[in-house]
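The values are calculated or read from the model by the stated rules, or taken from the named source; none is laboratory data. It should be emphasised that the depicted structure is a prediction, and the values quoted were computed from it without experimental measurement. Glycine also receives a Cβ, built like all others from the backbone with ideal geometry; neighbour counts cover every protein chain displayed. Only protein heavy atoms, including side chains, enter the accessible area calculation; ligands, DNA and RNA are left aside. Shrake-Rupley method; radii C 1.70, N 1.55, O 1.52, S 1.80 Å.
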Amino acid sequence: MTTAASLLAGATAGAVNDSNPVIPAWSGPYGGVPPFDKIKATDLKDALEAGMAEGLADLEKIANDPSPPTFDNTIAAMERSGRLLDRVTTVYGIYSSTLSDDTVQATERDIEPKLAAFRDSITQNEKLFRRIATVYDARDTSNLTPEQKRLVWLQYTNFVRAGAKLDAQAKKRLSEINQQLATLFTNFSQNLLADENDRFLLIEDEADLAGLPDAVRDGAAANAETRGHKGKWLIANTRSSVEPFLTYSTRRDLREKVWQTFVNRGDNGDAHDNNKIITQILQLRAERAKLLGYPTHAHWRLENSMAKTPDRAMELMEAVWKPAVARVHEEVADMQAIADQEGDGVKIEPWDYRYYAEKVRKAKYDLDTNAIKPYLQLEKLREGMFYTAGQLFGLYFKPIAAGTVPVYHSDVRVWEVDDAAGKLVGLWYFDPYARVGKQSGAWMNAYRNQERFDGDITTIVSNNSNFVKGKPGEPVLISWIDATTLFHEFGHALHGLSSNVNYPTLSGTNVPRDYVEFPSQLLEYWVATPEVLNRYALHYQTGEPIPADLVAKIQKAKTFNQGFDTVEYLAGALVDMKLHLAATPDKAIDPDAFEKKTLADLGMPHEIVMRHRTPQFGHIFSGDGYSAGYYSYLWSDTLTADAWEAFTVDGKGPWDKEVAERLRVNVFSAGNTRDPAEEYRGFRGRDPGIDALMRKRGFMPPLAAGASTTKTAK
Ligand SMILES: [Zn+2]
């Protein structure tokens, strides 16, 4: 507390500056929008300092309120507080993830430890905690609504979990740890970004493009041009560039080179090497868990998740691991057979997997993913997502004319979202293309949470991805996997847009980590429905819908390569959990050695590498968010698979209005107002079982026609 207070006392004098465009409340249409047209990266630092100062002052006022603690003057007052910091961290987050440059990175290095200290100064504020505890103790006798009770429970639990009950010395050490971790997280991410930006394959001879489809060549040419190598081709060291290259390039030597560069991000023994950082993070996390009274960091993280304990998460992962590895051996045998047949003289190595898998797909399912791509136009699929949102949840998207709402980059577009009655629900920002300074992958972000307790405030959400921009004026064609990811992130957006709660802390996607992927994974299914494909998977030249026989092949190949997908992911999830169960405050874990040994013990097939190797595992080392939590995707997918069967097996199909309404009411609109397990039961009428997941991945036979899941569910 002292650290943050003194930092802030020094900082506030010059920081609250009326001319800083990040500071004022958002004005303009739609309940106010971020003034991106006025903001510069150099405005962020002062605005963050001002936000922390205001946040601290707000909370001091609540803590020192002379009247006895009540829900309204304590818990609701906390919901009202810190609005400036909410706005500023939103803008700061957008700059960090999509517009990173030297200024932003310097701000991160300066501000991240201060933010950590700021958060500690709140949870370590004894007067404030005593008031929260008083409201918490009286929660059953003070006429609170169920949502208010949930909020009280959550705030109290968050404070205790952050060390509110520790003695002064332990609190001081905790705060030191959090600040050190914040710096290490920043260093980790910046190292990773550097290896993704600075390392690449530059192709000068067109012959080296052998096997690459036109769209991949065009993307590589565009990449080269934006980086000052006009007339050449550049394969960037990011997933969206690397994976198509590994799938199609017939040049095995170049596949190996690209693969090596990609899987060694953060692991090159140079200035951007992440291994030492990981060792320190693991030790500090273990020390923090001990301080807080938990056996390990994993136990601490999982306590307020849906899984609750590392054991339950491990149990699920282990149940899926063995059948998935067995499937990989079958997949490799299929690939080896093709390689032998073609006389390639190849023993399948990790850089061959995607290449030969594609050949197996063609041979076994007669499915050429390149034949699908001409039907997958980014903008048409976006319309397909809007159609899905309208059909399932009665949400309608209207484009906002460029220039009406400010954007932070010319690639960004904005839509207004209304409900069936035409009432404004929120805004949706879409930032689809890759660029230097943007983090790789795809994600959803809430700029503002829906809330109602002090007047209606509508949400603002965004979807971000890294599609490679093609030639100007030509439609951007994407892969089937990318189309699925697009719907996934849109699922998160709909979770935010459907939110119908009172308090922002409980709003939208502010739910436990192993539950948050459930709505998004569920939405992935709708991209493959005939209704979406026939209307929106249209050939970019002829406008013809995707042929029915191609759709049938896609459906038939649904469980293809599930061994690879599951093992690639699960290896990461298991290493994450085992690292955080093994770490102690005084043992220095060597990440590379630990990864190697753990995978060997697990029987990891040598033809596959973890989806994110430890030195580049941003999910777990660029913040606490997914640490000991990468299993969440599988946990959520168990719910997802089971929920899909509510539509397709127990209901009338993907568009069953009654099932969709139950889903909206109990899950998409409910935020964190109820325990996730309860929300799920409200939707499904029972707990989820694992069988639907095993069927989804093809590790168990599909249900016979006319079956009901109620007989098989556990
Ligand atoms: Zn997600």
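Using a simple charge model, +1 on the beta-carbon of Lys and Arg, -1 on the beta-carbon of Asp and Glu, nothing else, what dipole does segment 378-447 show about its Cα centre, in debye to the nearest 20?
On the way: 7 positive and 7 negative charges, 30 e Å.
Dipole magnitude for segment 378-447 comes out near 140 debye.
Just to verify a number: FRET efficiency for Arg535 and Asp198, C-beta to C-beta distance, R0 = 35 Å, to 0.05?
Numbers: r = 43 Å, r/R0 = 1.22.
Result of the calculation: an efficiency of 0.25.
Top to bottom by accessible area (1.4 Å), largest first, where do Arg109, Arg288, Arg150 land? Each step should come with its number before you reach the end.
Details: Arg109 120, Arg288 10, Arg150 35 Å².
From most accessible down to least: Arg109, Arg150, Arg288.
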Original post:
Helix 83-98: angle to the longest alpha-carbon principal axis of the chain, degrees 0 to 90, nearest 10?
Top reply: 20 degrees
Original post:
With axes computed from alpha carbons, what is the tilt in degrees of helix 480-497 against the longest principal axis of the chain, rounded to the nearest 10 within 0 to 90?
Top reply: 20 degrees
Original post:
So what's the back-of-envelope 222 nm ellipticity for the chain, counting only DSSP H runs of four-plus at -39500 (n - 2.57) apiece and dividing by all residues, rounded to 500?
Top reply: -17000 deg cm²/dmol
**OP:** Just check segment 400-513 against the gyration tensor rule for me: Cα atoms, a ≥ b ≥ c as the square roots of the eigenvalues, rounded for a/c under 1.5, and otherwise prolate or oblate depending on whether a/b exceeds b/c.
**Re:** prolate
Original post:
Which residues in segment 638-670 place their backbone N less than 19 Å from a point set 7 Å from the Cα of Ala705 along the Cα-to-Cβ direction?
Top reply: 648-654
Original post:
Quick one: ranking His612, His329, His297, His272 by accessible area, 1.4 Å probe, largest first, what do you get?
Top reply: His329, His272, His612, His297
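Can you tell me the convex hull volume per residue for segment 241-358, based on C-alpha atoms, in Å³ to the nearest whole number?
Working: hull volume 18.3 nm³, N = 118.
Looking at segment 241-358, the number lands at 155 Å³ per residue.
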Original post:
Which listed residue (Ala670, Ser622, Leu693) has the Cα farthest towards the positive end of the charge dipole for segment 565-696, taking +1 on Lys and Arg C-beta and -1 on Asp and Glu C-beta about the Cα centre?
Top reply: Ala670
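Need one number: % antiparallel among DSSP beta bridges in segment 389-499, to the nearest 5.
70 percent
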Subject >> Table column - 3J(HN,Hα) (Hz), segment 291-306, Karplus curve with 6.51, -1.76, 1.60, x for Gly and Pro >> reply: 3, 7, x, 10, x, 8, 4, 4, 4, 5, 5, 7, 3, 9, 8, 6
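Using a simple charge model, +1 on the beta-carbon of Lys and Arg, -1 on the beta-carbon of Asp and Glu, nothing else, what dipole does segment 188-316 show about its Cα centre, in debye to the nearest 20? Provide the component values of the computation, followed by the final result.
Working: 18 positive and 20 negative charges, 111 e Å.
Dipole size: approximately 540 debye.
Determine the percent antiparallel among the DSSP beta bridges restricted to the chain, to the nearest 5.
On the way: 24 of 32 bridges.
Bridges in the chain that DSSP calls antiparallel: roughly 75 percent.
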**OP:** Over the chain, with every protein chain in place, what whole percent of the accessible area is carbon and sulfur at 1.4 Å, could you tell me?
**Re:** 52 percent
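Give the accessible surface of segment 526-581 per residue, rounded to a whole number of Å², with probe radius 1.4 Å and ligands, DNA and RNA excluded. Each step should come with its number before you reach the end.
Numbers: 2090 Å² over 56 residues.
I get 37 Å² per residue for segment 526-581.
In Å², what does the accessible area per residue of segment 596-638 work out to with a 1.4 Å probe?
On the way: 1290 Å² over 43 residues.
So segment 596-638 comes to 30 Å² accessible per residue, rounded to a whole number.
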**OP:** Measure out, as a whole number of angstrom, how far apart the alpha-carbon centroids of segment 225-275 and segment 628-707 sit.
**Re:** 38 Å
Subject >> Prolate/oblate/rounded label for the chain (Cα gyration tensor, a/c 1.5) >> reply: rounded
Subject >> Spin-label zone in segment 223-248 - amide nitrogen under 12 Å from a point set 7 Å from the Cα of Glu206 along the C-beta vector >> reply: 232
**OP:** Select from Ala704, Gln105, Ala371 the residue farthest towards the positive end of the dipole of the chain; place +1 on Cβ of Lys and Arg, -1 on Cβ of Asp and Glu, and compute about the Cα centre.
**Re:** Ala704
**OP:** Rounded to the nearest 10 degrees, what's the angle between the helix 252-263 long axis and the longest principal axis of the chain, both from Cα atoms, 0 to 90?
**Re:** 10 degrees
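Once the Cβ-Cβ distance between Asp140 and Tyr365 is put in as r, and R0 is 45 Å, what FRET efficiency do you end up with, to the nearest 0.05? If you can, show how the numbers build up before the last one.
Numbers: r = 58 Å, r/R0 = 1.29.
Efficiency at R0 = 45 Å is approximately 0.20.
From the Cα trace of segment 70-141, what convex hull volume per residue do you get, rounded to a whole Å³? Each step should come with its number before you reach the end.
Details: hull volume 6.7 nm³, N = 72.
In segment 70-141, the Cα convex hull volume per residue is 94 Å³.
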Subject >> For Gly426, residues with placed amide H under 5 Å, excluding near neighbours >> reply: Val417
**OP:** Apply the Karplus parameterisation 6.51 cos²θ - 1.76 cosθ + 1.60, with θ equal to phi minus 60°, to every residue of segment 416-426 and state each ³J(HN,Hα) to the nearest whole Hz, in sequence, with x for glycine and proline.
**Re:** 8, 10, 10, 8, 4, 7, x, 7, 4, 10, x
